[in-house]
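The values are calculated or read from the model by the stated rules, or taken from the named source; none is laboratory data. What you see is a predicted model; the values in this text were computed from it and never measured. Virtual Cβ from ideal backbone geometry, glycine too; neighbours counted across all protein chains shown. The protein model used for the area step is the full one, side chains on, heavy atoms only, and it has no ligands, DNA or RNA in it. Shrake-Rupley method; radii C 1.70, N 1.55, O 1.52, S 1.80 Å.
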Amino acid sequence: MENAYALSELQKDHVFSVTELNGVISEILQQTFFNITLEGEISNFKPSAAGHIYFTLKDSTSAISAVMFRGAAYKLAFSPKDGDKVRVTGSISVYSPRGTYQIIVNKMEMAGSGNILQLLEERKKKLAAEGLFDQARKKSLPFFPRTIGVVTSPTGAAIRDILQITKRRNPAINVIILPALVQGAEAAATICKMIEIANFYKLCDLLIVGRGGGSLEDLLPFSEESVVRAVAASEIPTISAVGHEIDWALCDYAADKRAATPSAAAELAVPLMADLKMQLSTYKDYFYTSIQQKVERTRLLLRGFNPESLEIRFRAIQQPLLNRFENARQALNQNINDKIRDYRSEIERHKTILENASPKTIFARGYSMVVDKSTGKVVRNASELSVNSEIEITPAEGKLSAMVTKIS
């Protein structure tokens, strides 16, 4: 309070230089805020090769830079990381030439889980349960997009990298910049608006949504629920390119493809012109050779289409068929003749059998038929007749009438 009173008295008649004012402020801060305890969440954690650690300590609305030098950092009982909620003890230090201040931490202990990481994890589980991150709903990226839309800051390093890589890889591809805030309270709304505009007017074939690197809180707009839903709902295939390789945002899970950096997104989206030319040249040579071979084969075939060769080819086709026909005809005639011969032999055999069974043939061998005149029946047994019976004898020629005089 004494320092504040002395400064107020000095302000009445004194004109400060910048250096003088920074010196006074430094003296007041360092004397007033000595060995204080502060609680907050770690973000933008960066250990140095010398063993010092640099980070930002923040709460829901404010942040302060912090450093912990090697001697104090060596005594830590845990490994700090982004999102850790910690309680630190230290003193305020002012860098007068720039008018900035930070807290030099000499003691640090865990104070619970970081609110931001906990919030993001809960939001991730909720959106995943709705199916927004499902692999089945992701679209394939176009092989050769004519126009690429980029939702990012128009003045950031990300758009410069994307434009530079696109021009180098394939200057034939157009890039539309959809300007959006990528940091702060209004960032999420502008990102969603640009995604909706790109889809409504069908401005591009592929959409890159992202920004360059930053602290955890700097990247928060790309993990807002509204942005994640807008990316997931985009009919245009999307690439999420937020921060550096180690950085992740929730829109990375909803996008059709995730790129480690904006530069990597441009490499992924833009086919290399040299590769395309080489591939097209290969296809051209293949098609040319294939067509030439087909033309040559066709020419060889056409050479044979003249009257003489056609007749020869026709005869070559006809002659085997004629031979087959002639062979079939001869075989058929032979089969018919064989059948006729077989039938004739069979007829002759039956004729012989019939002739041998004929009464005339039997009578010609000296046999005769005897008939009882009284009954007209053929006599087969002598007992059928009696003495004085009249009989009729039929030899091979003529007939005889007789009377039985004796039966034995």
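Say we look at region 98-126 and pick out the residues that are small (Gly, Ala, Ser) and closer than 19 Å to residue 80 by Cβ; which of these is surrounded by the most Cβ atoms within 10 Å (Cβ to Cβ)? First the steps, then the outcome.
Step one: list which residues in region 98-126 are small (Gly, Ala, Ser), which gives 99, 111-114.
With the extra rule that they be closer than 19 Å to residue 80 by Cβ, the set shrinks to 111-114.
On the way: 111: 14, 112: 12, 113: 13, 114: 21.
Looking at residues that are small (Gly, Ala, Ser) and closer than 19 Å to residue 80 by Cβ, I get 114.
Can you confirm whether residue 314 is part of a helix (DSSP H, G or I) and open to solvent by 100 Å² or more (accessible area, probe 1.4 Å)?
yes
Of the residues making up region 34-62, those that are surrounded by fewer than 16 Cβ atoms within 10 Å (Cβ to Cβ) and either touching a Ser or Thr at 6+ places or on another chain (Cβ under 9 Å) or touching a residue at least 60 places away in the same chain (Cβ under 8 Å) (or both) number 6.
Considering each of 298, 282 in turn, give the residue that is free of Cβ contacts under 8 Å to residues at least 60 places away in the same chain, within 30 Å of residue 237 (Cβ to Cβ) and open to solvent by less than 100 Å² (accessible area, probe 1.4 Å).
282
Here residue 144 meets each of (1) open to solvent by 20 Å² or more (accessible area, probe 1.4 Å); (2) under 30 Å from residue 62 (Cβ atoms); (3) in a loop (DSSP other than H, G, I, E, B) with one exception, condition (2). Residues that are at pLDDT below 95 and not small (Gly, Ala, Ser) do occur in region 183-193, at least one of them.
If you filter region 360-380 down to residues that are open to solvent by 80 Å² or more (accessible area, probe 1.4 Å) and not basic (Lys, Arg), you find that the one that is nearest to residue 406 (Cα to Cα) is 374. Filtering 215, 234, 226 for residues that are more than 27 Å from residue 65 (Cα to Cα) and more than 23 Å from the chain's Cα centre (by Cα) leaves a single hit, 226. Of the set (1) within 29 Å of the chain's Cα centre (by Cα); (2) among the polar types (S, T, N, Q); (3) closer than 26 Å to residue 83 by Cα, all apply to residue 174 but (3).
Just give me the residues in region 70-84 being open to solvent by 90 Å² or more (accessible area, probe 1.4 Å) and part of a loop (DSSP other than H, G, I, E, B), in sequence order. Selection gives 74, 75, 77, 79, 81.
Candidates in region 127-141 are the residues that are part of a helix (DSSP H, G or I) and without any contact (Cβ under 8 Å) to a residue 24 or more places away in the chain; of these, the one that is most open to solvent (accessible area, probe 1.4 Å) is 135.
The listed residues are 55, 34, and the only one of them that is modelled with pLDDT of 75 or more, closer than 30 Å to residue 185 by Cβ and of a type in the set (Phe, Trp, Tyr) turns out to be 55.
Screening 355, 384 for residues that are open to solvent by 90 Å² or more (accessible area, probe 1.4 Å), in contact with a strand residue (DSSP E or B) (Cβ under 8 Å, 6 or more places away or on another chain) and modelled with pLDDT under 85 leaves exactly one candidate, 384.
Could you tell me which of the residues 255, 249, 233 is closer than 25 Å to residue 131 by Cα and open to solvent by 70 Å² or more (accessible area, probe 1.4 Å)? Criteria check complete, one pass: 233.
Of the set (1) closer than 27 Å to residue 61 by Cβ; (2) in contact (Cβ under 8 Å) with a residue 60 or more places away in the chain; (3) open to solvent by less than 10 Å² (accessible area, probe 1.4 Å), all apply to residue 208 but (1). Against the list (1) among the hydrophobic types (A, V, I, L, M, F, W, C); (2) touching a helix residue (DSSP H, G or I) at 6+ places or on another chain (Cβ under 6 Å); (3) part of a loop (DSSP other than H, G, I, E, B), the condition residue 120 fails is (3).
Sub-8 Å Cβ pairs linking a first residue in region 213-230 that is over 20 Å from residue 61 (Cα atoms) to a second residue that is among the aliphatic types (A, V, I, L, M) and assigned to a loop (DSSP other than H, G, I, E, B), at least 6 apart or interchain, are 228/132; 229/132, ordered by first then second residue. Answer with yes or no whether residue 83 is touching a residue at least 60 places away in the same chain (Cβ under 8 Å) and in contact with a Leu (Cβ under 8 Å, 6 or more places away or on another chain). Yes. The set of residues in region 252-277 being in a helix (DSSP H, G or I) and modelled with pLDDT of 85 or more consists of 252, 253, 254, 262, 263, 264, 265, 266, 267, 268, 269.
The sole residue among 172, 188, 158 that is farther than 19 Å from residue 237 by Cα, crowded, with 19+ Cβ neighbours inside 10 Å and either touching a residue at least 60 places away in the same chain (Cβ under 8 Å) or touching a Phe, Trp or Tyr at 6+ places or on another chain (Cβ under 7 Å) (or both) is 158.
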